[in-house]
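Since the structure comes first, as C-alpha cells, the remarks are kept for the end.
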Amino acid sequence: MGGIGVVYNPYAGRNRKNPGREERLKKILGDRGVWFRTENKDSLLNAAAYFLEQKTDIVAVSGGDGTLHQVFTAIINTYRDRPLPAFALLRSGTMNTVTKSIKLKGCAASTLRAIIDHHETGKPIKKFKQHLLRVNDVYGFMAGAGVIAYFLEVYYSAKHPGPPYAAAMVCRMIGSAIFGTDYNSRIFRPIRCRLEVDGREMEQAEYIFILGCTIREIGLGFTPTPRAYDRSGHFHLLAGSMSPANLVPKVPALWLGRDVEHPNLYFSGPTARVVMEPREKEPWMIDGDIYTTEEPLCFSVGPTVTLLGK
C-alpha cells in the first residue's frame, strides 16, 4: 500500500530521442516503486486503477505537457471524489511548458531521486499547489481554439519540432504581419462559435483566438494569462479577433505578462465558467494535444493538485 508509481511515456520528446533513459530511470527507482510503461489509453487507465487500489502516494510522470494532461484525466476520472496522489513531474517532453511556468526545475533523474528521498526519509522537496483546468471531462492547464490550435497544427507538421522551431515560427509570424506575406493565413483563421462567459453570451460570432489557462506562461516565455491566480475557482480567459498586425505591437506585453487592451480583444480576465459552441467541426487543444469537436466545450476550474519537483 502507498509508495511511488512512475508513468513512463516512451513517445515523449526526450524519451523518444534517448532510448536508454527508461532503463536508467528504472534503475534509480529499483524496488521502491512500480513502473508503468503507458503506450496507449488502456495501459494508462490500468495504471490509474492500480494507483487507486494501492493508495499510491506519489505518481511520477515521465513525459511532456500532453502526457501530463492525459495522466491527470485518467486518474481524476478513475478516482472521482477520492483524494488524489501527489504528482512529480519528470521533465521529458519537447517543450515542458507546465514545469517552466511553475518554476519546477531539475532533470528527470534528479527529480526522481529527490522524490524517493522525500518519500523514504522525509527530506524536504519543493511542493506547488496548482489548480487544473477542466474542459468537459478532460483536465490540464491550458486549452483553447483558433490560432492556439492552428499554430500547433503547423508546428507538429515540422520535421523537427521543438523550442527552436516554435521560436522561428513566432518570428515568421511577426515578419509576415510586418511585410504582408501570406504565412499567417494558415494560422490566423477565424472560427465561428457561440461563446458564453459566466452565463453571459458574448455578442461576437467569430474569434481568432480563445484561450483559457490556470497557469501564466504558455511557452517561449510568453505570459498572456497573468491573472490565472487572481481569484479562487477562476482561470484567465482571452477571447478576441485581433489580427497579426494588431498583435505585433502587443508582443512585449504578452511576453512580460502585462494586461493587453484592444477593441478586438473581447474578453480578458478571470472567469469561472465558459461554454464554447462551434458552428462546425473545429480543432481545439489542451496542453499541446489537438482534438476536434463539433459539440460544446465547457471550461471550468478542476481539482487542485500537489506537484513535486526541484
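Read the figures in this text as sums done on the coordinates, not as results from a lab. Bear in mind that the values here come from a model prediction, so they are computed numbers and not experimental data. As a convention, Cβ positions derive from the backbone with ideal geometry for all residues, glycine included, and neighbour counts pool all protein chains shown.
Of note:
- Entry note, the stretch 4-124: relative contact order of 31 percent, from Cα contacts under 8 Å with a spacing of 6+ residues.
- Taking the empirical scaling 2.2 N^0.38 Å for compact globular proteins as reference, the chain has a Cα radius of gyration ratio of 1.01.
- Based on the convex hull around the alpha carbon atoms, the stretch 4-124 presents an average projected area of 7.1 nm².
- Nearest-20 debye value, the stretch 94-242 charge dipole, Cβ charges on Lys, Arg, Asp, Glu: 560
- Over 19 Å [Cα-Cα, the stretch 72-136], rounded percent: 43
- The dipole here belongs to the stretch 4-124: it is taken about the Cα centre, uses +1 on the Cβ of Lys and Arg and -1 on the Cβ of Asp and Glu, and is about 500 debye.
- Most to least packed among 41-50, 301-310, 17-26, 3-12 [average Cβ atoms within 10 Å]: 3-12, 301-310, 41-50, 17-26
- Local electrostatic count, residue 218, Cβ distance below 12 Å [Lys/Arg +1, Asp/Glu -1]: -1
- Around residue 92: net Lys/Arg minus Asp/Glu count, Cβ-Cβ under 11 Å: +3
- P(r) tail, the stretch 36-96: Cα-Cα pairs separated by more than 17 Å, 32% of all pairs.
- Other residues with beta-carbon under 14 Å from the beta-carbon of residue 299 carry, at +1 per Lys or Arg and -1 per Asp or Glu, a net charge of -3.
- Each of 61, 252, 122 was scored by the projection of its Cα onto the charge dipole of the chain, and the greatest displacement toward the positive side belongs to 122; charges sit on the C-beta of Lys, Arg, Asp and Glu.
- Members of 17/105; 100/129; 41/281; 100/310; 123/310; 103/129 lying beyond 18 Å, as alpha-carbon distances in this model show: 17/105; 41/281
- For the stretch 208-310, alpha-carbon Rg over 2.2 N^0.38 Å: 1.12
- Out of every Cα-Cα pair that the stretch 142-302 contains, those further apart than 22 angstrom amount to 38 percent.
- Simple Cβ-charge dipole of the chain, Lys/Arg +1 and Asp/Glu -1, about Cα centre, in debye nearest 20: 1300
- The stretch 120-179 - Debye-derived log10 I(q)/I(0), Cα point model, q = 0.13, 0.17, 0.22 Å⁻¹: -0.61, -0.80, -0.97
- Alpha-carbon centroids, the stretch 23-69 and the stretch 155-203: separation in whole Å: 34
- Neighbour cut-off at most 12 other Cβ (10 Å), DSSP loop, chymotrypsin sites (Phe, Trp or Tyr not before Pro), the stretch 222-310: none
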